[in-house]
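The values are calculated or read from the model by the stated rules, or taken from the named source; none is laboratory data. Source: prediction; values computed, not measured. Counting neighbours? That spans all protein chains shown, and the Cβs are built from the backbone with ideal geometry, glycine included. Heavy atoms of the whole protein, side chains included, go into the accessibility calculation; ligands, DNA and RNA do not. Shrake-Rupley method; radii C 1.70, N 1.55, O 1.52, S 1.80 Å.
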Amino acid sequence: QISAVPHAPIGGFWLLDSLKDAVLERTVGLERQPAAKLLSVATTLLLVIQYNRLVDAVAKPALFYILGAAYAVVLFALGAALRGLDGDAATSTSNLKLGPGARAAGWASYVAIESYGSLSVATFWAFVNSAGDLEEAKASYGLIIAGAQVSFALRCIHTYLLNLLNSLL
């Protein structure tokens, strides 16, 4: 059961990670990626400090839900802010036509996606480690990873079947 849990945070991150550079390119230009990466590292460091405070104050299952809910709100808000981008904003010269809100959302989405990848995986393993003792954790690590791989494979098959079904309709 728990081996399918990494599917949600890691699978979600993989999906978001594939969009991260495209959104940055459309909003501020891909030439700003090094600056975005530095901003992301600095922001993730600050978030990890806050995360460590929460780890000491909140039960691990609750922390898993708190982090998931917080990122869901942030990512939905960024998605709404970026929803109005059109195809003409695909080059770094045309992205100058975008308003400051869309540009800020581009920077924020890059940082949010990067930090989500770091914190969601850490939260998952903190939850797993709190669920049992050290020997139990050692014994179940391989099963968790194997189950996660099966879960990812099933997700790919599911996506393929949905695309096939959509193409037939």
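Key figures for this structure:
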| quantity | calculated |
| --- | --- |
| Residue in segment 131-169 that is modelled with the highest pLDDT, counting only those that are open to solvent by 60 Å² or more (accessible area, probe 1.4 Å) and either among the small types (Gly, Ala, Ser) or not in a helix (DSSP H, G or I) (or both) | Ser167 |
| Residue in segment 107-125 that is open to solvent by 80 Å² or more (accessible area, probe 1.4 Å) and closer than 22 Å to Gly68 by Cβ present | no |
| Checklist (1) free of Cβ contacts under 8 Å to residues at least 12 places away in the same chain; (2) open to solvent by less than 60 Å² (accessible area, probe 1.4 Å) applied to Gly29, failing item | (1) |
| Pairs with Cβ under 7 Å, 6+ apart, first in segment 103-120 and farther than 13 Å from Leu19 by Cβ, second among the small types (Gly, Ala, Ser) and not in a helix (DSSP H, G or I) | none |
| Within segment 74-106, considering residues that are loosely packed, with under 12 Cβ neighbours inside 10 Å and of a type in the set (A, V, I, L, M, F, W, C), the one modelled with the lowest pLDDT | Leu96 |
